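Visitor: This is the structure, below, for whatever I ask next.
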Amino acid sequence: MKSLLLILAFLLLTVAVVFGQDKKSRKEAKKEKQRQEYMETKMLLDSGAFSFTATWATTQKGRRINLIGNSNQLTLEDTLTSAYLPYFGVVQMYDMSGEGGINFEGTAQDLKIEHNDKKMRSMVSFEVKSSTGNEVYQCQFTINSNSSAALSVRSSARNQISYDGTIAALPDEKKK
């Protein structure tokens, strides 16, 4: 009886060790996949040509709006940038152009791309004038390893608004 109990304990211990090693290898595989995604995202940002599509907007007061199905996009190619993003918030000075959202097309000033390899996160920031020239937008991206991004837009005439979405490479027809 004791030998049967000893054999059973040995088998259970062996199974536990095997499953414990499998869990470690799954963790390592997940970490390696995350590292690979981060390197791809880092290369995309360093190329200087990407687009951001928002799925959620968050106002300064915390209201969250689903943007799926609404046309919205910000593109950055070298230092040229353009955007149409819906705006939900308080406008301090109305610009009478009738555009309504956050619209700009021009050169990104003070463009900075920074990578934090330890946290596998990147930051992109720049300033740009509105299409009418009446506003200055300060845009700051926080981009995670899996290409998910948060965009914060501050304006000289509006309250801050944040967007959550993803970044992707520009389509071939957009690239010059």
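The values are calculated or read from the model by the stated rules, or taken from the named source; none is laboratory data. Since this is a predicted model, take the numbers as computed values, not measurements. Every residue, glycine as well, gets a Cβ built from its backbone with ideal geometry; the counts of neighbours run over all protein chains shown.
Visitor: I'm trying to understand the selection: among the residues of segment 122-136, which are in contact (Cβ under 8 Å) with a residue 40 or more places away in the chain and in a strand (DSSP E or B)?
Guide: S122, V124, F126, V128
Visitor: I want to confirm something. Restricting to segment 29-44 and keeping residues that are farther than 13 Å from M123 by Cα and polar (S, T, N, Q), which single residue is surrounded by the most Cβ atoms within 10 Å (Cβ to Cβ)?
Guide: If we take residues in segment 29-44 being farther than 13 Å from M123 by Cα and polar (S, T, N, Q), then Q34 is surrounded by the most Cβ atoms within 10 Å (Cβ to Cβ).
Visitor: Looking at segment 76-87, is at least one residue at pLDDT 90 or above and over 25 Å from D172 (Cβ atoms)?
Guide: Looking through segment 76-87, none of the residues is at pLDDT 90 or above and over 25 Å from D172 (Cβ atoms).
Visitor: Do we find that S47 is farther than 30 Å from R158 by Cβ, among the hydroxyl-bearing types (S, T, Y) and modelled with pLDDT of 80 or more in this structure? Outline the logic, then answer.
Guide: Values: farther than 30 Å from R158 by Cβ: yes; among the hydroxyl-bearing types (S, T, Y): yes; modelled with pLDDT of 80 or more: yes.
In short, yes.
Visitor: Read through the list (1) at pLDDT below 90; (2) farther than 17 Å from E40 by Cβ; (3) surrounded by 15 or more Cβ atoms within 10 Å (Cβ to Cβ), then give the number of the only condition that M93 fails.
Guide: Here M93 clears every test but (3).
Visitor: Separate question: What number of residues within segment 156-170 are over 10 Å from the mean Cα position of the chain (by Cα) and either within 24 Å of M43 (Cα to Cα) or surrounded by fewer than 20 Cβ atoms within 10 Å (Cβ to Cβ) (or both)? Steps first, please.
Guide: Restricting attention to segment 156-170, the residues satisfying the condition of being over 10 Å from the mean Cα position of the chain (by Cα) are 156-162, 169-170.
Filter once more, so that each one left must be either within 24 Å of M43 (Cα to Cα) or surrounded by fewer than 20 Cβ atoms within 10 Å (Cβ to Cβ) (or both): 156-157, 159-160, 162, 169-170.
Residues in segment 156-170 being over 10 Å from the mean Cα position of the chain (by Cα) and either within 24 Å of M43 (Cα to Cα) or surrounded by fewer than 20 Cβ atoms within 10 Å (Cβ to Cβ) (or both): 7 in total.
Visitor: Tally time: how many residues in segment 17-43 are aliphatic (A, V, I, L, M) and at pLDDT 90 or above?
Guide: So the first thing to find is which residues in segment 17-43 are aliphatic (A, V, I, L, M), and the list is 17-18, 29, 39, 43.
Cutting the leftovers down to at pLDDT 90 or above gives us 39, 43.
Going through segment 17-43 one residue at a time, the tally reaches 2.
Visitor: I need the full set of residues from segment 23-76 which are within 25 Å of S131 (Cβ to Cβ) and among the hydroxyl-bearing types (S, T, Y), in order please.
Guide: Within segment 23-76, S51, T53, T55, T58, T59, S71, T75 meet the criteria.
Visitor: When you look at D164, is it of a type in the set (D, E, K, R), in contact (Cβ under 8 Å) with a residue 12 or more places away in the chain, over 24 Å from T58 (Cα atoms) and part of a strand (DSSP E or B), yes or no?
Guide: Details: of a type in the set (D, E, K, R): yes; in contact (Cβ under 8 Å) with a residue 12 or more places away in the chain: yes; over 24 Å from T58 (Cα atoms): no; part of a strand (DSSP E or B): yes.
Judged against the criteria, D164 is not a match.
Visitor: Moving to a separate point now. Looking at this structure, is V153 of a type in the set (A, V, I, L, M) and over 19 Å from the mean Cα position of the chain (by Cα)? Walk me through it before giving the result.
Guide: Working: of a type in the set (A, V, I, L, M): yes; over 19 Å from the mean Cα position of the chain (by Cα): no.
For V153, the condition - of a type in the set (A, V, I, L, M) and over 19 Å from the mean Cα position of the chain (by Cα) - is not met.
Visitor: Return yes when E173 is modelled with pLDDT of 90 or more and closer than 19 Å to F50 by Cα and no when it is not. Give the steps one after another, and end with the answer.
Guide: Details: modelled with pLDDT of 90 or more: no; closer than 19 Å to F50 by Cα: yes.
In short, no.
Visitor: Still on this structure, I have one more. Output the residues belonging to segment 50-71 that are touching a strand residue (DSSP E or B) at 6+ places or on another chain (Cβ under 9 Å), of a type outside the set (A, V, I, L, M) and not in a strand (DSSP E or B).
Guide: Restricting attention to segment 50-71, the residues satisfying the condition of being touching a strand residue (DSSP E or B) at 6+ places or on another chain (Cβ under 9 Å) are 50-60, 63-68, 70-71.
Within this subset, residues satisfying the condition of being of a type outside the set (A, V, I, L, M) are 50-53, 55-56, 58-60, 63-64, 66, 70-71.
Those that are touching a strand residue (DSSP E or B) at 6+ places or on another chain (Cβ under 9 Å), of a type outside the set (A, V, I, L, M) and not in a strand (DSSP E or B): Q60, R63, N70, S71.
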